Amino acid sequence: MRSQRSFFEVFPTYEPSSDELRDLLSEVSVLRVLMNSTRSKIGIYIDSPHIIHKDELYRIKKELEVNMDPRGKTKVVIHEHFSLSSQYDARNFYDEYKRSIAYEMKAEYPVMYSIYHSGTKKFKEGGELCLTLPDTVVAHDVEDKLKEYLAAVFTERAGLDCGVSIEYEKAEVSPERLEAERRIQQEIAAISGRLSKAKEAPKESPRPFKRAEKKQNGFSPKSGSGSYQRRRGSVTKSDDPDVIYRDDVPGEVIPIAEAESVPGEITVRGEIVSYEDRLVKDDTTLLMKFDITDYTDTIGVRIFADPEEGKKLKEDIAVGKFVKLKGVVSLGKYDKETAFNSVSGIKRIKDFRVKHEDNAVRKRVELHCHTKMSNMDALCDVEKVISTADRWGWDAIAITDHGSVQAFPAANHTKTKNKDFKIIYGMEGYMVDDMKTAVDVSGDPDMTVPHRLDDTYCVFDIETTGFSPVHNRIIEIGAVIVQNGVIVDSYDEFVNPEVPIPYRITKLTTITDDMVKDADTIDKVLPRFLEFTRGAVLVG
């Protein structure tokens, strides 16, 4: 019996959730599988020729648990080992694997992670990893565990010998900690404010019991008369001066977005955003229609009132006013729209909107801000943008509209409380010299253009270890010489990047560490490539 088998030989029924995971596992070997007597915990020991990051291993772990036991009673633990190329040493292994270290530490050892994350990491001469941590009691408590964990990552997972040392520096109060303390103070102040308001608010006395009047066919008797009239909405019957229609409005406020799903009488609040009215029923009744929003949703309100009383009511039911109302949401008899068609009370209230604030200790400066002068990209007035930034305590803001400077005059005339507030005037521009001919297609040798189609060109391509021109290296250069549209020569050469080639790059390029390890470095390859391109126009 073989002691080492491929991953999919050991787990033939497992189907990875993505092609990426399948590619990662295609070269992985299983060294051994251990399980307890109840099969509730399974340990899988694997060996991989390339690095598999912790977030990917956690995905594989969860998928295996479901595959083995859909009931979720089996727990899988994967112990990984990497058989890496000789290009790897402790330094470049850490550079590639450090996000996995942080990922695992954050999930398994959160206290240790916070200390590790707050420190600086660098390699000393000789290859020792040195951590500089803030000199706190917690850091000293986790020092031994942190060193043990990191040393085990290097030796047990990558087979690399790397010492780990820890140094301490005086702990400084970070901006994050200052901001956290400020937020705590704000929360305490908010709680204290709510308690103060609760103590100052007068307690509502119980409303006296009032016997319901006898009704007959939906009509109530007139005072001092035996006849009946239809009950119309009186302006107010409450002693509260803020009640503008019928009775008081007790009850817990619910969001308008949930109004249609709650049966019976409900209480909402909102800003009036539209209003219209008209006389109906031979001009004996005023139909008042308005919409309110609490910024979770908008809903309509319908009131039938006496024309004289409606005139008084219109003063308080106006666009921009804030009200709290109680009623029943139903489908309108005529317009077939869902609205408050039965309202038992309306009360004027103050603006309940909470303005967004910037409570950061260290304020930022926005260097890329569009206004409504950027067509189809922004809706803000430049005056509001600047006023908001000033209110938040910012020192400056940049206005950079798309190919437009029309917001500059209004920005220049916007007053700010901070006299030193700076407006940075900019523009997101698009520039091209459309008067210049790059290539002559006419064949006229007298054309004053830099190149013609019958010139000699070198068309080249490079493969790299990544997309950063600063941090990544070239691993291959390929090129062809083209004359009069015909390839006349070719060039191809590997380059030793002197660092390991990431696994995903090998999947894209089929270039491995072994293919380039004996190649020359870029400083030796580049002169040969330039000699090949001599006399040709370079086209990358």
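The values are calculated or read from the model by the stated rules, or taken from the named source; none is laboratory data. Remember, predicted model here, so these are calculated numbers, not experimental data. Because the Cβ atoms are built from the backbone with ideal geometry, glycine has one as well, and the counts that use them run over all protein chains shown. Note: accessible area is taken over every heavy atom of the protein model, side chains too, but ligands, DNA and RNA are not part of it. Shrake-Rupley method; radii C 1.70, N 1.55, O 1.52, S 1.80 Å.
Data table
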{"quantity": "For the chain, diffusion coefficient by Stokes-Einstein and Kirkwood Rh (Cα), 25 °C, 0.890 mPa s, µm²/s", "calculated": "74"}
{"quantity": "Extension gain, residue 453 back to residue 196 (0.36 nm per residue minus Cα-Cα distance, nm)", "calculated": "84.3 nm"}
{"quantity": "Scaled radius of gyration (Cα, divided by 2.2 N^0.38 Å) that the range 38-121 gives", "calculated": "1.29"}
{"quantity": "Given 355/422; 75/121; 62/121, the pairs whose alpha carbons are separated by over 26 Å", "calculated": "75/121; 62/121"}
{"quantity": "Amide proton proximity set for residue 41, modelled H, under 5 Å, gap of 5+", "calculated": "36, 75"}
{"quantity": "Residue 372 paired with residue 33, simple spin-label distance in nm, labels 7 Å along Cα-to-beta-carbon", "calculated": "6.6"}
{"quantity": "Additional length obtainable on full extension of the chain from residue 427 to residue 489, 0.36 nm per residue less Cα span", "calculated": "17.7 nm"}
{"quantity": "Expected 222 nm ellipticity per residue - DSSP helices of 4 or more, -39500 (n - 2.57), all of the chain, to 500", "calculated": "-8000 deg cm²/dmol"}
{"quantity": "Solvent-accessible area, 1.4 Å probe, carbon plus sulfur percent, for the chain", "calculated": "52"}
{"quantity": "Label zone at residue 418 (point 7 Å along Cα-to-Cβ), backbone N below 16 Å, the range 327-369", "calculated": "357-369"}
{"quantity": "Cubic angstrom per residue, convex hull over Cα atoms of the range 291-349", "calculated": "96"}
{"quantity": "Distance between modelled label sites at residue 143 and residue 388, nm, 7 Å Cα→Cβ extension", "calculated": "4.9"}
{"quantity": "Overall dimensions of the range 106-166 as given by Cα atoms, namely Rg and Dmax in Å", "calculated": "11.5, 33"}
{"quantity": "Per residue solvent-accessible surface (Å²) - the chain, probe of 1.4 Å", "calculated": "64"}
{"quantity": "Residue 352 paired with residue 179, simple spin-label distance in nm, labels 7 Å along Cα-to-beta-carbon", "calculated": "3.0"}
{"quantity": "Radius ratio Rg over Rh of the range 270-404, counting only Cα atoms, Kirkwood formula for Rh", "calculated": "1.16"}
{"quantity": "For the chain, share of DSSP beta bridges that run antiparallel, in % to the nearest 5", "calculated": "70"}
{"quantity": "Segment residue 304-residue 434, length gained on full extension (0.36 nm per residue, minus Cα span)", "calculated": "40.1 nm"}
